[in-house]
Protein chains: 4
Amino acid sequence: MRTIGVATCGGDAPGMNAAIRAITRIACTKNLKVLGFENGWNGLITNAFRHLLPHSVMGILHTGGTILRTSRSLEFRTEEGIKKAAETLANNNVDGLVVIGGNGSFNGALALSKETDTKIIGIPATIDNDVFGTNETIGFDTAVDTAVVAVDKIRDTMVSFKRVFVIEVMGRERGFIAATVGLAVGAEIVLVPEIQFDKNQVFKSIKEKRAKGKRSGIIVAAEGIGDCQKLAQEIEENTGAETRRSVLGYIQRGGNPSARSRLLASLFANKAIELLLNEQGNRVVGLQDGTITSIDLETSCKTEKPLELDLVNLASILTR
Amino acid sequence: MRTIGVATCGGDAPGMNAAIRAITRIACTKNLKVLGFENGWNGLITNAFRHLLPHSVMGILHTGGTILRTSRSLEFRTEEGIKKAAETLANNNVDGLVVIGGNGSFNGALALSKETDTKIIGIPATIDNDVFGTNETIGFDTAVDTAVVAVDKIRDTMVSFKRVFVIEVMGRERGFIAATVGLAVGAEIVLVPEIQFDKNQVFKSIKEKRAKGKRSGIIVAAEGIGDCQKLAQEIEENTGAETRRSVLGYIQRGGNPSARSRLLASLFANKAIELLLNEQGNRVVGLQDGTITSIDLETSCKTEKPLELDLVNLASILTR
Amino acid sequence: MRTIGVATCGGDAPGMNAAIRAITRIACTKNLKVLGFENGWNGLITNAFRHLLPHSVMGILHTGGTILRTSRSLEFRTEEGIKKAAETLANNNVDGLVVIGGNGSFNGALALSKETDTKIIGIPATIDNDVFGTNETIGFDTAVDTAVVAVDKIRDTMVSFKRVFVIEVMGRERGFIAATVGLAVGAEIVLVPEIQFDKNQVFKSIKEKRAKGKRSGIIVAAEGIGDCQKLAQEIEENTGAETRRSVLGYIQRGGNPSARSRLLASLFANKAIELLLNEQGNRVVGLQDGTITSIDLETSCKTEKPLELDLVNLASILTR
Amino acid sequence: MRTIGVATCGGDAPGMNAAIRAITRIACTKNLKVLGFENGWNGLITNAFRHLLPHSVMGILHTGGTILRTSRSLEFRTEEGIKKAAETLANNNVDGLVVIGGNGSFNGALALSKETDTKIIGIPATIDNDVFGTNETIGFDTAVDTAVVAVDKIRDTMVSFKRVFVIEVMGRERGFIAATVGLAVGAEIVLVPEIQFDKNQVFKSIKEKRAKGKRSGIIVAAEGIGDCQKLAQEIEENTGAETRRSVLGYIQRGGNPSARSRLLASLFANKAIELLLNEQGNRVVGLQDGTITSIDLETSCKTEKPLELDLVNLASILTR
């Protein structure tokens, strides 16, 4: 192992820069050469990279986004795109490649691994936390905290007006952010794609609380559950409660990473370099049961990470 | 002047609690009795109030929302509603009434003033900053800072992806929040309802910047300018720039007030009590040219506050 | 199990209120009566408590401090004090007692357990993270994040002036906060009481970095390592680097709890009630290897929790 | 006016970068050449500068510190140092020089102005707000907000323990930060260097509040009033109140500038360029009575800015 590459792919997540920094500095300590590919898979396809040295990553630990930039690459989904990326790796004698991203990026990495001898290691970084093989991804903790701070602000208006708020959080088709935020803000109801819900039950629950005198309330909904604007209207029509929707949106992706996201980034990077130095590839690093470990790349790609449904139940108990 | 009432009306704004606290404590120092009417005008219509003492307002200075709650009262827009409110004031021997709110609330106060002998003083508190007679309203500074922090977060994703973002801020039909936020975040383009804009100029400006290599950019748009989702789509179609919309929404109304919003609340409250002790009514307090002063209630209601167009021009110069 | 008590003891930590809320609401769901003892052990000594119902804990989830207040009780360290507390438990038929606090509080709980039949469960809540039997205590994550945000601010001045900063964080005689903050902020040097350090090595390291052109730097020091003011002076004298000390102080104890601290509080409370319903006592709940579990109270009190020295080493590698 | 220089001198303040950006971009729009001198006066003495173009100041608007760095220059206090700076200006044909800093920097600018034909304009940027000729300096609003957020956190511990806290804020020999923070946090007592205070009065006030049942309290003290640690001890000895001191320290200088500090920076920069284009020098720009204006440099240096004592009185009334 003499030369490694690193790229950030897919959606950006707070802590990606901390991971790039840690990969670079640890690798340099081990006398590895580090190439930073730009704009995600596009940089591998077009051979766009910069040589990363310890000072190249100065002053980025605490910043959001990614200095290597990212993109959603359509070309990389084609056989031709993947071949070009494999050629780039071969032409630059890249022995190991660290892919920082989420599920989609790891599927790309899996496809690429079949066309190259370069050892590929995935570092899970996505606010969605939907990567199998790790309890937590880089950026998840930050996104949750950002959402919680936002909901705490909305609570002021909610209480002042005795309103019901349907607050839509990110997470695509999964409910990890919604379940954690819901528990942390004391949401009356948490709606996640993993649990089918009956709108009539939602109306009933709100009406019961109003009958007991609790006139304001928070519903935290994952974006994957469907049309929240319509849901808010139906709640207002069916319960009489003044109901508003709020979409937290892109603020959840950005901002300075939390201490925990930075820490995870450093520990994952450390593990990734350790694996590469042991000539191991096709692995995804992760935090499992409190330990930094790794699992097979294909297993991570092909397995759906289960949502802890207990969290959703506990949120419900805690607002009674 | 022996008994005063206080109510928060219309939309909530950070710093309303600071104003309630200051009114109560200053009034008590002057041996006035303070009645806190609940749920805005509704409390005046239904005679719902609590007696406020210095300790009633302990621990609220730094909180968002309003402990007296607020509402948008339809009944108060009727002659009958206003008469009921006037009766409530008479029945409780309320000599002075402090109305904490925005334009709509002051129009209500003006209507009420014609049916009562109670001296009415308006304290401008709205995130929209659209009250004539004051350079700044309570809550405006906080809302602007909240929006700026949110845009700073979105900037991370924007730069990582080289995207254009259309960010919709509050302000109803006025552009005060948009103009100030736009300048503070370095927006490439600021769109406010007060200035007609030509979509083709927007497209042209974005294309010119892209031609020069600046591929990401922020457009801050007041909610009053129309459909931002459509605008984002048209920008993408006409410029080729990947464009996203983000609506900051209700987070702008909440949260702990900034030091400045708290200070303004205390100073406005101090002025309001001073006016009442001088038996003056039908006034709106304000900050004019650095001085705490007051103007006639009717003048405030009937005059449109001009937007400083210089700010919008300066924002444009600063992104060249 | 029909009646339980709950008290917050020792130093306050963000998330204590989330724990009180969860204990109360979960217990009420199980038809338990909940007594909230006030001012820590003092409330048990003086029989000062309030009956807690679900609505008593409304609106506290996101707040710092503790609504039950706390104190450092000298009387409770006497045999007499402990006997009084045992009598209070007996007189009120308290079957189970939940003690929310840190090491010192659990030592108190252990002493009390020898004088009472009430089942006692400890919930670890301290910013210091120094409780054996749990990887993380309630409040630790929040304190670390607060410290990290503060250091990020100081970094601006440090870089502008090319200064070295010795930043003293909390943690009493332990280095958990310092090690985690140091890694998260990219500290050049992390000083913890668990690792002896040689001042000359510190000077040498700073001089080497200056020779390479890196003129500013952060040293994160646990308060337990000794006099940081003197250290800063000695660094300046021995290296020529302009050096300043900053003590972060009490801000680390307060503020709204992070999502993670709130979550941990809810999960720990859930486990505590489960143990009590199973008639188990003398246990401390905790997070071990990703699982909510519990250990024997006496073992927790008598065992020193080890610091992960790897974190300190990794911090050092990452700044090379 | 063809070439201008810009330098940040003295202590750093949030918003300095916003000012550098605005100076550069506005000047370039007017076809001026901009030289950014580095490390404050030292850059003028040693002829260290970089040519600033619009893209040189990209991405800095929202950051704390100063990209031009700063220093406290001893050499500039000598006649020789000032002559060297004047030579640097002459050698580079600098027609106008913008000095961004506080009182000390403007005294330096005044001395320099006597040795050069270059027109000098001061932009007031210091967290201390102690520049005569402007109601507010760049950075003051940010520092106050940072201090207020910190005190809000300390309040949690204070209330939980029923303690008195003496909180020392920055401001050197002046009380602007202390007075504003004190009012914004609801401090029981505000101590500023401008008002002599009697310790016995402080003890008496605290004892009276305790007699009325208010056992916790905040004293906000300017660093210029003397030894706060000793004061805290004396309060504890004389009143029986558990009392702690907290020094907020360097966090007040750093962090992202508030919207208001950024806005002020842009407006001040705009005025500075306008003055230079009119061939005016020896001026300090400022905000006076709501208007951006300027005053004579020597007048600004030689006049002490008065503290609004009303704020301190109002703070006292508001905690009764």
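FYI, it's all coordinate maths here, none of it is from the lab. Bear in mind that the values here come from a model prediction, so they are computed numbers and not experimental data. Backbone-built Cβ (ideal geometry, glycine too); neighbour counts: all protein chains shown.
Mind jotting down the distance between the C-alpha centroids of region A:79-146 and region B:1-64, whole Å?
When both Cα centres are located, 57 Å separates them.
What angle, in degrees between 0 and 90 and rounded to the nearest 10, separates the Cα long axis of helix D:199-211 from the longest principal axis of the Cα atoms of chain D?
50
How well do other chains shield peptide B:259-271, expressed as the mean number of their Cβ atoms within 10 Å of each residue Cβ?
Mean partner-chain Cβ count within 10 Å for B:259-271: 5.
Measure off 7 Å from each Cα along the Cα-to-Cβ vector at residue D:230 and residue C:75, then give the distance between these two points in nanometres to one decimal.
For the pair residue D:230/residue C:75, the computed spacing is 3.6 nm.
Using a simple charge model, +1 on the beta-carbon of Lys and Arg, -1 on the beta-carbon of Asp and Glu, nothing else, what dipole does the protein assembly as shown show about its Cα centre, in debye to the nearest 20?
0
Among the aspartates and glutamates, select those whose C-alpha is under 15 Å from the C-alpha of residue A:207, and discard any that sit fewer than 8 residues away in the same chain.
Correct list for residue A:207: A:188, A:198, A:234, A:236, A:237, A:242.
What's the average, rounded to a whole number, of partner chain beta-carbon atoms within 10 Å of each residue's beta-carbon in A:179-186?
5
Rounded to the nearest 0.05, what FRET efficiency do residue C:293 and residue D:87 give with R0 = 51 Å and r taken as the Cβ-Cβ distance? Could you check?
Efficiency at R0 = 51 Å is approximately 0.10.
Grab the beta carbon distance between residue B:196 and residue A:211, set R0 = 60 Å, and tell me the FRET efficiency rounded to 0.05.
0.75
Connecting C-alpha atoms closer than 10 Å in a GNM of chain D, tell me which of D:273, D:251, D:167 has the biggest fluctuation.
Fluctuation is largest for D:251.
R0 = 30 Å: FRET efficiency of residue A:115 with residue A:278, Cβ-based, nearest 0.05?
0.85
Pull up the cross-link candidates among the lysines for residue C:33, meaning alpha carbon to alpha carbon under 18 Å and not fewer than 8 places away within one chain.
Excluding near neighbours in sequence, the set is C:119, C:271.
Helix A:309-318 versus the longest principal axis of chain A: what is the Cα-based angle in degrees, 0 to 90, to the nearest 10?
The helix A:309-318 is inclined about 30 degrees to chain A.
Which is farthest toward the positive dipole end of region D:141-253 among D:179, D:189, D:158, measuring Cα position about the Cα centre, with Cβ charges +1 (Lys, Arg) and -1 (Asp, Glu)?
Result: D:158.
Got a sec? How would B:105, C:56 order by Cβ neighbour count within 10 Å, fewest to most?
Ascending number of Cβ neighbours within 10 Å: C:56, B:105.
What is the magnitude of the charge dipole of region C:114-248 about its Cα centre, with +1 placed on the Cβ of each Lys and Arg, -1 on the Cβ of each Asp and Glu, and no other charges, expressed in debye to the nearest 20?
About 800 debye.
How far, in whole Å, is the nearest Cβ of chain A from the axis relating it by rotation to chain B, and which residue carries it?
Spelled out as residue then distance in Å, it is A:247, 3.
When each copy gets a label point 7 Å from Cα toward the beta-carbon at residue D:200, what are the spacings between them in nm, shortest first?
5.7, 7.9, 8.2
Hey, got the Cα dimensions of region D:24-116 along the principal axes, in Å, largest first?
37, 28, 20
For chain D, what does -39500 (n - 2.57) per DSSP helix run (n ≥ 4), summed and divided by total residues, give at 222 nm, in deg cm²/dmol to the nearest 500?
So the calculated ellipticity at 222 nm is -13500 deg cm²/dmol.
Testing the spin-label approximation: label points 7 Å from Cα along Cα→Cβ at residue A:48 and residue A:308. State their distance in nm.
4.0
Can you tell me the relative contact order of region A:29-99? Whole percent, Cα pairs under 8 Å, sequence separation 6 or more.
36 percent.
Helix A:103-113 sits at what angle to the longest principal axis of chain A, using alpha carbons and giving 0 to 90 degrees rounded to 10?
For helix A:103-113, the angle is close to 20 degrees.
Under the √(5λ) rule applied to the eigenvalues of the Cα gyration tensor, what semi-axes describe the equivalent ellipsoid of region D:141-253? Give them in Å, descending.
21, 16, 11
Over all distinct Cα pairs, what is the inverse of the mean 1/r for region B:189-252, reported as the Kirkwood hydrodynamic radius in Å?
In region B:189-252 this quantity evaluates to 12.4 Å.
For the protein assembly as shown, what is one quarter of the convex hull surface built on the Cα atoms, given in nm²?
46.4
Under 8 Å for C-alpha pairs, at least 6 residues apart: give me the relative contact order for chain D, rounded to a whole percent.
Reported as a whole number, the value is 23 percent.
For region A:141-253, what is the relative contact order in percent, using Cα pairs closer than 8 Å and at least 6 residues apart in sequence?
41
Taking a ≥ b ≥ c as the square roots of the eigenvalues of the Cα gyration tensor of chain A, is the shape rounded (a/c under 1.5), prolate (a/b larger than b/c) or oblate?
It is prolate, given that a/c is not under 1.5 and a/b is the larger ratio.
Build a GNM of chain B with springs between Cα atoms under 10 Å: which of B:171, B:104, B:59 gets the top mean-square fluctuation?
Highest fluctuation of the listed residues: B:59.
Every other copy gets compared here: list the nm distances from the residue D:80 label point (7 Å along Cα to Cβ) to its counterparts, shortest first, one decimal.
For residue D:80, the other copies' label points sit at 7.1, 7.5, 9.1 nm, shortest first.
Charges only on Cβ, +1 for Lys and Arg, -1 for Asp and Glu: so what's the dipole of region A:1-127 about the Cα centre, in debye to the nearest 20?
That gives a dipole near 360 debye.
Taking neighbour counts of Cβ atoms within 10 Å as a proxy for exposure, in what order, fewest first, do A:215, B:2, D:244 appear?
Listing A:215, B:2, D:244 from fewest to most nearby Cβ atoms yields B:2, A:215, D:244.
Given the options A:159, A:220, A:99, state which has the largest fluctuation in a GNM of chain A using a 10 Å cut-off (strictly under) for Cα springs.
Checking each option, the largest mean-square fluctuation is seen for A:159.
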